[in-house]
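We did not get these values from a lab; they are worked out from the coordinates using the rules stated. All values reported here derive from a predicted model rather than from experimental measurement. Using ideal geometry, Cβ is built from the backbone for each residue, glycine included, and neighbour counts are taken over all protein chains shown.
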Amino acid sequence: MDGPHPSGRFETIPCPVCAGRNFSPLFEKAGEPFVCCAGCALVLINPRPRFEALEHTYDAQYSRGYIDKADKKLARCTRWVSRVAKPLGRRGNWLDVGCSAGFVMAAAEAAGFTAWGVELEPAAVEFGRSELGLERIVCGTFEAQRYPDAFFDVVSMYDVIEHVPDLNATVQELARVLKPGGLIEIRTPDVSHWARPRELARWKEIKPSEHLYYFSPDTLTRLFASHDLRLVHRRLLFKAAIDAFYTHA
Ligand SMILES: [Zn+2]
């Protein structure tokens, strides 16, 4: 603990992508320092609030927005699922990490997959069970589920990886549970995208305590490469986001 916050609620971390310890300050928001890694250009909050201090952000209020407009959500998730199913060329087991109420799971099941989902917010999980009839949706962290080795044909993480407290533990676990020839799809904001505001502090994705990391396609692919996962395909988006597909190297 070498951060400037004497309360012990903050921790300083080495860069999760390149393990570097040199950071250039960018700006502060809500008392949290946003920095850029000198080694790899990852943007992150560092020092950052400890995870115990962050868990309050995953309350019912947070996921209410996901539960509204269920029909629209399901239609959108159906498009996402078909975009993965086509290049994969087969059905099988689909895991959605940070699945919220389970709309991706429901769409995957409708497309012929067997779907699993894991989510921190209990109200979202309850909605998925009772309203969407999902059996394999569970409340907790991804890492705690101890899914079998080489089990999933697809693992999706939509707008989740920027939140996880231990990035390398999460990506290692993704690599472990993915079947040979399976696909991991990651969607996350893109800090290097032409469509984001020139003044980074004004970008709507800058969220203290919530979005801990701000990837570019390069830093995301470098992180996955360090866990023997290689980029298969990246969809180019008009909004400032990355949509990337990885498989075992
Ligand atoms: Zn770095």
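Summary table below
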quantity	calculated
Virtual spin-label span in nm between Leu231 and Lys29, 7 Å along Cα→Cβ	2.4
For Ala85, net neighbour charge (Lys/Arg +1, Asp/Glu -1) across residues whose Cβ lies under 14 Å away	+1
Cβ-defined net charge surrounding Gly112, 14 Å radius [Lys, Arg +1; Asp, Glu -1]	+1
Length-normalised contact order of the range 58-248 in % [C-alpha pairs under 8 Å, at least 6 apart]	17
Total formal charge among the other residues, if their Cβ is under 15 angstrom from that of Ala225, Lys/Arg +1 and Asp/Glu -1	+1
Exposure proxy order (Cβ contacts within 10 Å, fewest to most) of Trp116, Trp94, Trp80	Trp80, Trp116, Trp94
Cα Rg, Dmax, the chain, angstrom units	17.8, 53
FRET efficiency, Ala201 to Glu143 (Cβ-Cβ, R0 35 Å, nearest 0.05)	0.65
